[in-house]
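Report on the structure given below.
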Amino acid sequence: MQTHLRGRDFIGDLDFSKEEVETVLDVAFQLKRERALRIPHPLLRDKTLALLFFFTSTRTRSSFEAGMAQLGGHAAFIDSKTTQISHGDTAKEIGEIYGRYYDGIAIRHCDWGTGNRYINEVAQASRVPGLNMQCDIYHPFQILADLMTIFEKVGNPRGKVINVSWAYASSYQKPISVPQSLILQMTRFGMHVRLTHPPEYKLMPDIVQQARDNVRKFGGSFEILDDFDAGFKDADIVYPKSWGALLTTTDDAESAAIGRKYTDWITDDRRMALAKPDAIYMHCLPADRNIEVTDSVIDGPQSVVYDQAENRLHVQKAVMALTMA
Ligand code: CP
């Protein structure tokens, strides 16, 4: 068990080794068990965490705030619009200054081509851990929660088939960070990872290459499909969600026009029946209901979306306790 995580940043999924991710899951299960038993675990008493948001959130903000309180510390929610960042405070200044007030700096910044660079600049300038609450490239805490959920529902993921698929949504160009983080992390656990998307919805080539490299190191397989139904066939885990055609266009109108070619990429009962009978349906939320997925699937017996959302709390507490204590 690798436990040397104190002081470390967690910005990309591969910042922690596979053994370190296993440590995080081990601690997360312990904290989840202790919370169920009402055993207090004030591991971060008197510690503070900055939560700097450049983008909206339901789950991420609340799970970090609740998690810090349960660990005996305090999380400060900071909407970037209420700061002086737009008046000139640089990433270096935020890192230097917040690093002197807080024991950790967590940031959500999803702007395409900007977010990940910003989080890295802040982390490099700060003396405390930098935590990525989602950027344009990665959503690492979501995927830790997903991995924990897979261990709970499916058992050891080695040899299991997961279909990470694009699905249609009309609301907005969602970041590509969730599918990218999924293919990076799941390929380290010996899974058979399918990435299914129409041709315009490619992921970043270097992320896809890292997923392929993981398969060579850890076993399993990685394949890319462009047929929505084929992605579901005999899968153990289906994770169909929308993302933007950001490598094809950053123009919202053009992207919307591309998306309308694929409005039939909706997860419904017929598609779920193509997967294994005991397959689980995963989604990080929010979902465009009855556009991306039908109510009957997301509210149905195979859906584990609320467990995924809950597990955000436990994995984040584990990472905070391990990096900030
Ligand atoms: N899944 C997720 O990150 O949810 P929020 O955008 O609501 O934080």
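Every number in this text was worked out from the coordinates using simple rules, so none of it is lab data. No experiment lies behind these values; they were computed from the predicted model shown. Cβ coordinates were reconstructed from backbone atoms using ideal geometry, including for glycine residues, and neighbour counts include every protein chain displayed.
This table checks each residue for (1) buried (at least 19 other Cβ atoms within 10 Å of the Cβ); (2) within 16 Å of the ligand (Cβ to nearest atom); (3) basic (Lys, Arg).
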{"site": "Ala230", "(1), (2), (3)": "no, no, no"}
{"site": "Lys233", "(1), (2), (3)": "no, no, yes"}
{"site": "Tyr239", "(1), (2), (3)": "yes, yes, no"}
{"site": "Glu292", "(1), (2), (3)": "yes, yes, no"}
{"site": "Asp307", "(1), (2), (3)": "no, yes, no"}
{"site": "Thr323", "(1), (2), (3)": "yes, no, no"}
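Taking the stretch 264-290, which residues are surrounded by 15 or more Cβ atoms within 10 Å (Cβ to Cβ) and assigned to a helix (DSSP H, G or I)?
Arg271, Met272
For the stretch 52-90, which residues satisfy the criterion of being part of a helix (DSSP H, G or I), within 16 Å of the ligand (Cβ to nearest atom) and more than 16 Å from the chain's Cα centre (by Cα)?
Matches in the stretch 52-90: Glu65, Ala66, Gly67, Met68, Ser80.
Consider Leu203 carefully, then state whether it is touching a strand residue (DSSP E or B) at 6+ places or on another chain (Cβ under 6 Å), buried (at least 18 other Cβ atoms within 10 Å of the Cβ) and either within 25 Å of Asn116 (Cα to Cα) or among the acidic types (Asp, Glu) (or both).
no
Are any residues in the stretch 12-22 touching a residue at least 40 places away in the same chain (Cβ under 8 Å) and either crowded, with 20+ Cβ neighbours inside 10 Å or at positive phi (or both), and if so, which ones?
Result: Gly12, Asp13, Val21.
Mind telling me which of the residues Asn132, Asn120 ends up being buried (at least 24 other Cβ atoms within 10 Å of the Cβ) and either within 13 Å of the ligand (Cβ to nearest atom) or touching a residue at least 24 places away in the same chain (Cβ under 8 Å) (or both)?
Asn132 is the lone residue from the list that is buried (at least 24 other Cβ atoms within 10 Å of the Cβ) and either within 13 Å of the ligand (Cβ to nearest atom) or touching a residue at least 24 places away in the same chain (Cβ under 8 Å) (or both).
If you scan the stretch 276-290, which residues turn out to be more than 16 Å from the ligand (Cβ to nearest atom) and small (Gly, Ala, Ser)?
The answer is Ala279, and nothing else.
Suppose the filter is surrounded by fewer than 21 Cβ atoms within 10 Å (Cβ to Cβ) and away from the ligand (no atom under 16 Å from the Cβ); does Lys160 pass it?
The answer is no for Lys160.
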